[in-house]
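A short write-up of the structure that comes next.
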Amino acid sequence: MIPDFIRASIVALGLTAGASLAEEPFIIVQSTTSTQNSGLLDYILPGFEAETGIDVRVVAVGTGQAIRNAINGDGDVLLVHSKSAEEQFVADGWGVERFDVMYNDFVLVGPKSDPAEVKGDTDIIAALAAVASSKAPFVSRGDDSGTHKAEMRYWQVTDVDPTVASGTWYREAGAGMGASLNIASGMGAYILTDRATWLSFGNRGDLEILVEGDPRMFNQYGVILVNPEKHSKVRATSGQRFIDWLIGADGQAAIESYELDGQQMFFPNAR
Amino acid sequence: MQSFASEFNQAISLILNGDAELWAIVLLSLRVSVFAVLISAVIGMPVGAALAVARFPGRRALIILMNALMGLPPVVVGLLVYLMLSRSGPLGVLELLYTPTAMIIAQVVLVTPIMAALTRQVVEMLAEEYSEQLRSLGVSRLASVPVLLWDARLALVTALLAGFGRAIAEVGAVIIVGGNINHVTRVMTTTIALETSKGNLAMALALGVILIGLAVAVNAMVSALTLRAEREGLRHA
């Protein structure tokens, strides 16, 4: 019995090692859940892969975690949405250069009954203040993601510190966008989300978009090559090819043409 | 609920119609977990058997520790394996992070204590039963390990299945070290997590049903083999 196990294990290890050696060139992109859950990457990546033969492997986590993984060198390209954190990443030497890629926007969704009476508002600051004073449940990502950072920026402008109310009306999920939306949907709570994830989300329950169109809810995505001087294993050539494609005419056109239910999800704005 | 039912049907029909992508995910799940269980058995069973027969100070404490490690939190194991395999970690040069091999390593860490603890239990009982015979034949305690393992083989199948159940159902570790990369490291459990996060609850549930079905099928298969082996054993005896 034991010799069989050993033989099988050796074969197993041999197979897995062999498989990874024989594979075509690939890069690892640390990205956020919104680009994956919205279906954007599944839509645009085959074009790049066909053109270059480079396989793009996407690890989709929150912006905060994506940046930390990239600092550890566990990725070749970073594609996230929190401009100040991205600029810090480059300033600290972890990334080579940051490029704008595309944008969409954040929306405030909430229950149709709208106890805070914010429907139709175009001022996110006033709307959040109204949610706070109504003490209606509000779900926060609470995970240092790009969306969480944006939410905290808005709260800072209001005079409210919601974290004081954590555990009462202010619920910190500590989870991804989709998981947090499931929670908000379950409890009929207000929540800030990016529009792409919202449009592709299947479990909306009683929630609908209540506040949109505030210029402050602009949500910019950027792309950065992880610095090969910090981590020599970074696949810099292939990574740079991907960045050039993404911010070039072909990538930008692919982003522009992606629609879900007839709605454009992301708006390319590389210069 | 109308859409829930139709989505659920859609997911089931994907499986019945042999949707290539879904089957690739199922096969990867099986490949990772079967290899992880086999490697865990190679490591854990001899350790467990040796612990059953050997006598040394601290043995009791080691057994308690091993039993406790059966309940290792997968997310902690995932984090530890990530820190080891990360490019900034000690094993970063191996470039194993975000590969099926990384997932196998994480599951081996989770399953090996189960193998060792269950084997220790089975072999200890058997060793007591055989102790006089083994002593009269002049076999030392440690030398009796292979014999005892061979004799306990049918009971040890249960240990294999317990380990497999732990491995195939686990999501916390493989999502960290595998990264849930489409066509590379996406397995059943991480797909379920992804579909849940997209709010596709019916699809997630249907995949869950498939996962349970898979576990039942593997258990049934092993149980049939064990039964046949038992019968043959009786016939030869």
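Per-peptide packing, taken as the mean over residues of other Cβ atoms within 10 Å, places B:108-121, A:216-229 in the sequence B:108-121, A:216-229 from highest down.
Does the stretch A:104-217 classify as rounded, prolate or oblate by the C-alpha gyration tensor (a ≥ b ≥ c root eigenvalues; a/c under 1.5 gives rounded; else a/b over b/c gives prolate, otherwise oblate)? Taking the square roots of the gyration eigenvalues as a ≥ b ≥ c, the stretch A:104-217 is rounded. D by Stokes-Einstein for the stretch B:27-198, Kirkwood Rh over Cα pairs, 10 °C, 1.306 mPa s: 93 µm²/s. What the phi angles of the stretch B:115-130 give under the Karplus curve with 6.51, -1.76 and 1.60, with θ = phi - 60°, is a coupling list of 4, 5, 5, 5, 5, 4, 4, 4, 5, 4, 5, 5, 5, 4, 4, 9 Hz, glycine and proline written as x. Each of A:Trp169, A:Trp155 has some number of other Cβ atoms within 10 Å of its Cβ, and from fewest to most they run A:Trp169, A:Trp155.
Label-to-label distance, B:Arg55 versus B:Thr226, with points set 7 angstrom from Cα along the beta-carbon direction: 3.2 nm. If R0 is taken as 56 Å, the Cβ-Cβ distance between B:Ser6 and B:Ala143 corresponds to a FRET efficiency of 0.35. Relative to one another, the C-alpha centroids of the stretch A:92-137 and the stretch B:184-231 are positioned 39 Å apart. Working note: Cα gyration tensor of the protein assembly as shown, eigenvalues times five, square-rooted, sorted largest first, giving semi-axes of 48, 26, 22 Å.
Taking a label point 7 Å from the Cα of A:Ser134 along the Cα→Cβ vector, which residues of the stretch A:195-210 have an amide N closer than 15 Å to it? Those under the cut-off are A:206-210. Spin-label model, B:Ile43 to A:Thr163: label points 7 Å out along the Cα-to-beta-carbon direction sit 3.9 nm apart.
Distance from the Cα centroid of the stretch B:67-91 to that of the stretch A:190-255 is 30 Å (rounded to whole angstrom). What does the C-alpha gyration tensor say about the overall shape of the stretch B:161-201? Classify as rounded when a/c is under 1.5, otherwise prolate if a/b is larger than b/c, or oblate. Verdict is oblate for the stretch B:161-201. Take each residue of peptide B:173-185, count the partner chain Cβ atoms within 10 Å of its Cβ, and average: the result is 4. Here's how it looks for B:Asn182: its modeled amide H is under 5 Å from those of A:Val58, which are all 5 or more places away or on a different chain.
Peptides B:130-139, B:27-36, B:72-81 ordered by packing proxy, namely the average of other Cβ atoms within 10 Å per residue, highest first: B:27-36, B:72-81, B:130-139.
Rounded, prolate or oblate: which one fits the stretch A:77-148, using the alpha carbon gyration tensor with axes a ≥ b ≥ c (rounded when a/c is under 1.5, else prolate when a/b beats b/c, else oblate)? Prolate, because a/c is 1.5 or more and a/b exceeds b/c.
Here, each number is a calculation from the coordinates, and none is a lab measurement. It should be emphasised that the depicted structure is a prediction, and the values quoted were computed from it without experimental measurement. Methodologically, a virtual Cβ is constructed for each residue, glycine included, from the backbone with ideal geometry; neighbour enumeration extends over all protein chains shown.
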